[in-house]
1. In segment 85-106, what count of residues is obtained for those that are surrounded by 10 or more Cβ atoms within 10 Å (Cβ to Cβ), of a type outside the set (Val, Ile, Thr) and modelled with pLDDT of 90 or more?
2. Give just the number: which of (1) modelled with pLDDT of 70 or more; (2) in a helix (DSSP H, G or I); (3) surrounded by fewer than 10 Cβ atoms within 10 Å (Cβ to Cβ) does Leu35 not satisfy?
Amino acid sequence: MRKLLSILVIFSFLTSQEPCIGTCYTEEEEQNIELHITTIESQIELSKEEIVLLNDLITGYKLNDSLNVSLIGDYKQQLVFKEEMIDLIKPKWYDNKYLWFFGGVIFTSGAVMLAGQID
């Protein structure tokens with residue numbers, strides 16, 4: 001039993017320090033790599049939150065844009081209605097006060113002249 005145990009202990013010491021195949025890092029380099037990975041993961045989480053926020057802003061802007069388009073259409077229709085109202089309210093040619101004044105002067109002077117010609 002002791003021989004088996006001694007063989008196992010010798011094997012454990014021999015196999016515990018395997019030679020590096022590929023790239024080997026020191027403990028400090030491993031800590032730096034782990035720190036770098038955690039910072040990148042936190043940046044990814046922040047980026048995902050920003051993406052969600054930006055998508056919400058985009059949907060808000062699309063809704064606002066559709067409301068603005070409908071407002072512009074309503075304002076154009078309101079301008080059409082105002083033009084029609086102006087056409088209805090605008091005085092016609094026969095509502096001109098100067099026309100009525102000079103027409104009255106001519107009519108009165110014509111009547112006075114006719115009355116003066118009666119003998």
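The values are calculated or read from the model by the stated rules, or taken from the named source; none is laboratory data. Every value quoted in this text rests on a predicted model; they were computed, and no experiment measured them. Every residue, glycine among them, receives a Cβ derived from its backbone with ideal geometry; neighbour counts consider all protein chains shown.
1. Residues meeting the conditions: 7.
2. Evaluating Leu35 over (1) modelled with pLDDT of 70 or more; (2) in a helix (DSSP H, G or I); (3) surrounded by fewer than 10 Cβ atoms within 10 Å (Cβ to Cβ) leaves (3) as the failure.
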